[in-house]
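For reference, the structure is listed below as structure tokens.
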Amino acid sequence: MGALESVVMDPPEVDLPAHALEQPRIRDDGTPETTWQTWQGLDAIESLPIEKWMHPAMRLVVVAPHPDDEILACGGLMAMHAARGGSTLVVAVTDGEASHAGVSSWRATKLAEVRRTERLQGLSRLGCAGTEVHRLGLPDGNVAGHATALEEQLRRVVRWGDIVVTTWRRDGHPDHEACGDAAAGACGAAHCCLLQAPVWMWHWSRPGDPQVPWHRLVGLGLTSREVAGKQRALAAHASQLEPRGSAVGPVLGPAMLERLTRRSEYFFV
Ligand SMILES: [Zn+2]
């Protein structure tokens, strides 16, 4: 069965200016993975086997700001849950139409269409072809401007007993942070468990960075097969892996790809 996509609304037909891409904390090449791998603090993070906190009958709800965030944040967890027979709902907050704004000739609506297709292919490669995708169609780059609408939507979707995963509310990308905040509100109301995954934090922070509450991170160990599945799934997101222009690199650079080889995923609880 292919992934099921439900549509709420289409993204706006706009080409955002280049400044829409500027995220003050996401610059340069980011902290290399070798720096993280030689840091003992990473080894000190408590690891929790999935059997200890998630029953296969529980629903996994992944609130993804952009297509590909579900893989970067928790692709291993999704694959594990699917392999145990669990069901997953991906709430697709935006279609990622602003990733090339101001630096390429892509029209926003065309890019959104491409990225929706990449997402479905990625889920299929992850072993999650039956995943339901619930599109919200909020504007990429301005989720915070629709924070109330997002939280209302999530309150309708999330229910007691779900495990909800989204991006960390201090991740350094405004859309990621808005999703973290809205999910916290919705999960608080439904009394369900929320895990917030750092995605861009690994890019801008450094080992032991005092801005990061390291003591609140837990790890989920992955098999080499699950790691390989994540890599195959991310490869479906070609629009994010190719240079965006003659002098503009891909959205996901070498440091992000190296992080995908990790044998653990990490979540703030
Ligand atoms: Zn993102």
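Remarks
- Only helices reaching 18 angstrom along their own axis (Cα) with mean Kyte-Doolittle hydropathy no lower than -1.0 count here, and for the DSSP H runs of the chain these are 69-83, 108-125, 174-190.
- Modelled label positions at A129 and S246, each set 7 Å beyond Cα in the direction of Cβ, lie 4.3 nm from each other.
- Over the chain, volume per residue of the alpha carbon convex hull, in Å³: 116 Å³
- Those trypsin sites (Lys or Arg not before Pro) in region 197-269 that DSSP places in a loop and that have at most 16 other beta carbons within 10 Å: R263
- Residues within the reach of a label modelled at R84 (point 7 angstrom out along Cα to beta-carbon, backbone nitrogen below 18 Å), restricted to region 252-267, are 264-267.
- Legend: ranking of residues M78, M54, M201 from fewest to most surrounding C-beta atoms inside 10 Å; resulting order M54, M201, M78.
- Comparing T38, T94, T117 in a Gaussian network model of the chain, where Cα atoms under 10 Å apart are tied by springs, the biggest mean-square fluctuation is seen for T38.
- Counting neighbouring beta carbons within 10 Å and listing from fewest to most, the residues I50, I71, I163 come out as I50, I163, I71.
- Qualifying trypsin sites (Lys or Arg not before Pro) in region 56-163, DSSP loop, other Cβ atoms within 10 Å at most 14: R84, R107, R159
- Within the chain, percent of DSSP bridges classed antiparallel, to nearest 5: 25 percent
- Here the simple spin-label model places points 7 Å from the Cα toward Cβ, and for A44 and D29 these points are separated by 2.8 nm.
- Burial ordering of L194, L42, fewest other beta-carbon atoms within 10 Å first: L42, L194
- Between the alpha-carbon centres of region 114-173 and region 200-269 there is a gap of 17 Å.
- Relative to the current alpha-carbon distance between T117 and R59, full extension at 0.36 nm per residue lengthens the span by 18.5 nm.
- Mean residue ellipticity (222 nm) of the chain, computed from DSSP H runs ≥ 4 via -39,500 (n - 2.57), nearest 500: -10500 deg cm²/dmol
- Stretching R216 away from Q231 to a fully extended chain increases their span by 2.7 nm, per 0.36 nm per residue minus the current alpha-carbon distance.
- The GluC sites (Glu not before Pro) of region 196-269 include none that meets both conditions, a loop assignment by DSSP and at most 14 other Cβ atoms within 10 Å of the site Cβ.
None of the figures in this text is laboratory data; all of them are computed from the coordinates on show. Bear in mind the structure is a predicted one, so any value in this text is a computation, not a measurement. So basically every Cβ, Gly included, is an ideal-geometry build from the backbone, and we count neighbours across all protein chains shown.
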